[in-house]
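Everything below concerns the one structure shown next.
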């Protein structure tokens with residue numbers, strides 16, 4: 001690690017803080033607190049468990065520029081047309097972190113959508129109870145950085161007792177013609193009591209330049225609510241991302257979250273779920289299909305705080321060329337969380353000698369009447385399966401494709417939206433063609 | 001006929017000896033030209049890791065024939081089957097395998113399937129997530145592409161498949177499932193026979209198809225296989241026991257022991273094995 005670049009970057013960050021050190025800012029106290037913490041952490045402690053295997057220094061050492069001034073918010077019509085996913089939905093467009101109403105298409109009055117500053121005035125109680133409350137920024141450099149410096153952001157609130165059939169698609173578009181731009185985005189979502197909705201995060205790095213995205217999403221499920229949440233990461237060539245998604249579940253709530261990583265440079269996916277009530281259900285499905293020099297780091301934390309909740313985690317990965325991956329799944333079952341039912345599984349197929357994956361399940365169980373199980377496998381294409389298909393006339397590359405598709409089918413078939421399935425299948429098929 | 005000729009001296013004897021050999025040579029050449037040699041294995045030696053399993057196999061099969069290969073455990077039966085199908089863990093160190101005069105050793109497993117070789121596995125592997133219908137359609141069309149003939153479209157494929165389902169009496173529901181996933185032994189064997197019916201191979205190798213089957217399932221399997229048998233295809237039945245040979249009658253029976261074929265005969269040889277075991281041949 002180059003000390004000069006490091007301190008240069010710290011100076012830049014400090015300068016940024018000076019810019020926003022405005023006592024009138026709605027979140028001044030929070031920002032100051034997190035910035036002090038950020039300074040204390042000094043710089044990224046590379047010996048930190050969570051970052052040990054992820055080449056963050058690669059990103060940090062670059063001479064990056066902050067994207068706080070929100071340039072490049074205009075996109076020509078053709079470009080934006082090609083980005084929309086062709087389904088009936090509520091389309092929310094963010095460009096470089098700023099909500100652009102002009103390009104968005106929202107047609108539901110039970111949804112309240114605005115930037116975070118504007119939202120604060122009308123939702124002070126919600127902000128007080130939930131905003132940045134469960135994000136553990138005191139432990140993590142990037143969480144502290146984002147909390148200190150975020151601007152604009154997006155706030156979405158679904159009122160109580162509403163079932164919305166049309167999904168929300170949040171397009172996180174990065175429009176940076178230069179490389180080494182540091183973008184940081186904040187999202188805060190409230191799903192009202194008894195309400196149901198599907199939300200799709202669609203990340204898009206238009207110019208495909210190497211940039212850095214630091215994103216925190218906080219999603220609060222109030223009582224009896226139901227959320228399907230998809231994170232689609234295929235249009236993110238050359239992007240380095242440290243993403244942190246914090247879910248908070250209230251009584252009887254149900255969450256299905258899907259995270260797909262098919263592209264990107266260094267991608268860190270942190271999913272944190274707090275089951276802070278009884279009778280919660282949560283399913284996490286993760287799929288990563290990576291090649292060349294891509295790196296994906298999947299961290300999950302499922303925290304069973306109260307009794308009678310169920311959690312299920314299924315992550316599958318295919319790694320080719322020199323790609324590397326990490327899976328670290330933590331499950332906490334607290335003292336009071338009796339009758340918890342938790343399951344975790346991570347399965348990986350490695351296609352080349354140079355790729356590797358580190359998988360680590362971690363369980364910390366304090367209650368005494370629980371059912372927890374976990375499993376992890378790392379393997380190659382099963383030679384017997386391959387020979388069986390070839391002995392029937394199917395050539396080697398087609399046979400490997402069939403086996404890989406069968407492997408990832410378990411995750412893909414759980415997707416309820418056809419267009420999303422198609423988008424993913426197209427990218428996956430392209431990647432499979434490149435194997436040979 | 002030469003037995004009745006009295007030889008006056010050894011020169012005459014020699015003359016007739018040479019004549020006899022030439023006569024039989026010519027007869028053999030004519031014989032070869034008339035019959036279609038499907039498979040010719042010559043002096044085949046095969047290693048796995050550093051162990052020699054096949055120590056010089058010689059075998060000739062013509063179109064339309066049924067050959068049984070019997071032998072005790074470890075004799076090399078299944079190795080022979082796997083080598084014919086092209087399994088890559090086996091190293092061929094000597095000898096040749098010709099299939100309709102083509103050098104089989106040069107061909108990949110998928111090419112061999114294209115040429116018309118089909119191995120019915122003893123323990124068919126499970127491939128969850130691959131549907132049988134999709135799998136067999138892909139296989140049929142890939143083989144058709146290899147043979148440079150038109151592939152089957154969806155409609156033709158379905159009617160072709162329905163024909164075969166009727167022919168071998170397989171439960172249609174089985175076909176909607178994932179390949180061999182959760183199948184019983186009998187269901188797996190039935191699936192192998194279904195694939196056989198669909199792919200219409202020239203050389204069918206049954207690798208211990210009778211293992212794990214009860215008498216009724218065995219009869220069923222034999223019935224279906226007999227339906228698929230015609231004068232243009234051949235079958236190699238690899239087995240321990242004589243049982244299956246009661247229902248599928250072999251033209252030739254070969255005994256393989258310690259990597260070599262040590263005795264050949266007709267179906268009576270199989271009956272003798274059943275009564276006496278393998279020890280008397282060793």
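The values are calculated or read from the model by the stated rules, or taken from the named source; none is laboratory data. Quantities reported herein were computed from a predicted structural model and do not represent experimental measurements. No Cβ is skipped: glycine too gets one built from the backbone with ideal geometry, and neighbour counts run over all protein chains shown.
From B:58, B:73, B:43, which residue is under 25 Å from residue B:278 (Cα atoms), more than 14 Å from chain A (Cβ to nearest Cβ), out of contact with any strand residue (DSSP E or B) (no Cβ under 9 Å at 6 or more places or on another chain) and not in a helix (DSSP H, G or I)?
On the way: B:58 fails: out of contact with any strand residue (DSSP E or B) (no Cβ under 9 Å at 6 or more places or on another chain); B:43 fails: out of contact with any strand residue (DSSP E or B) (no Cβ under 9 Å at 6 or more places or on another chain).
After ruling out the rest, the residue left standing is B:73.
Please determine whether any residue of segment A:93-102 is more than 23 Å from residue A:211 (Cβ to Cβ) and either touching a helix residue (DSSP H, G or I) at 6+ places or on another chain (Cβ under 6 Å) or part of a loop (DSSP other than H, G, I, E, B) (or both).
Taking segment A:93-102 first, the residues more than 23 Å from residue A:211 (Cβ to Cβ) are A:101-102.
Retained after the next criterion (residues that are either touching a helix residue (DSSP H, G or I) at 6+ places or on another chain (Cβ under 6 Å) or part of a loop (DSSP other than H, G, I, E, B) (or both)): none.
No, the conditions are met nowhere in segment A:93-102.
Among the residues of segment A:328-369, write down those that are in contact with a helix residue (DSSP H, G or I) (Cβ under 9 Å, 6 or more places away or on another chain) and part of a strand (DSSP E or B).
Step one: filter segment A:328-369 for residues in contact with a helix residue (DSSP H, G or I) (Cβ under 9 Å, 6 or more places away or on another chain), giving A:328, A:347, A:349, A:351.
Answer for segment A:328-369, where residues must be in contact with a helix residue (DSSP H, G or I) (Cβ under 9 Å, 6 or more places away or on another chain) and part of a strand (DSSP E or B): A:328, A:347, A:349.
Quick one: count up the residues across segment A:111-169 that are assigned to a strand (DSSP E or B) and either modelled with pLDDT under 85 or under 14 Å from residue A:197 (Cα atoms) (or both).
We begin by selecting, within segment A:111-169, every residue assigned to a strand (DSSP E or B); these are A:111-114, A:154-158, A:163, A:168-169.
Right, trim to either modelled with pLDDT under 85 or under 14 Å from residue A:197 (Cα atoms) (or both) and you get A:111-112, A:156-158, A:163, A:168-169.
Summing the residues that are assigned to a strand (DSSP E or B) and either modelled with pLDDT under 85 or under 14 Å from residue A:197 (Cα atoms) (or both) in segment A:111-169 gives 8.
Taking the stated definitions as given, is residue B:180 closer than 22 Å to residue A:399 by Cβ, modelled with pLDDT under 95 and crowded, with 16+ Cβ neighbours inside 10 Å? Spell out how you get there, then give the answer.
Values: closer than 22 Å to residue A:399 by Cβ: yes; modelled with pLDDT under 95: yes; crowded, with 16+ Cβ neighbours inside 10 Å: yes.
When the stated conditions are applied, residue B:180 passes them.
Counting only residues that are part of a helix (DSSP H, G or I) and either within 13 Å of chain B (Cβ to nearest Cβ) or at pLDDT 95 or above (or both), how many does segment A:378-420 have? Let's see the steps before the verdict.
Kept after step one, since they are part of a helix (DSSP H, G or I), are these residues of segment A:378-420: A:383-390, A:396-412, A:418-420.
Narrowing further to those that are either within 13 Å of chain B (Cβ to nearest Cβ) or at pLDDT 95 or above (or both): A:383-390, A:396-412.
Counting residues in segment A:378-420 that are part of a helix (DSSP H, G or I) and either within 13 Å of chain B (Cβ to nearest Cβ) or at pLDDT 95 or above (or both) gives 25.
Take residue B:197 and decide whether it is modelled with pLDDT under 95 and either within 14 Å of the chain's Cα centre (by Cα) or closer than 24 Å to residue B:118 by Cβ (or both). Before you say what the answer is, go through the steps one by one.
Working: modelled with pLDDT under 95: no; either within 14 Å of the chain's Cα centre (by Cα) or closer than 24 Å to residue B:118 by Cβ (or both): yes.
Spelling it out, it is not the case that residue B:197 is modelled with pLDDT under 95 and either within 14 Å of the chain's Cα centre (by Cα) or closer than 24 Å to residue B:118 by Cβ (or both).
Within segment B:250-273, how many residues turn out to be outside any strand (DSSP E or B), touching a residue at least 12 places away in the same chain (Cβ under 8 Å) and surrounded by 14 or more Cβ atoms within 10 Å (Cβ to Cβ)?
The number of residues fulfilling the criteria is 9.
For the structure I just gave you, tell me whether residue A:424 is assigned to a helix (DSSP H, G or I), away from chain B (no Cβ under 14 Å), touching a strand residue (DSSP E or B) at 6+ places or on another chain (Cβ under 7 Å) and surrounded by 15 or more Cβ atoms within 10 Å (Cβ to Cβ).
Yes; evaluated as a whole, the condition is true for this residue.
Only one of (1) over 23 Å from the mean Cα position of the chain (by Cα); (2) within 13 Å of chain A (Cβ to nearest Cβ) is not met by residue B:172, so which one is it?
Failing condition for residue B:172: (2).
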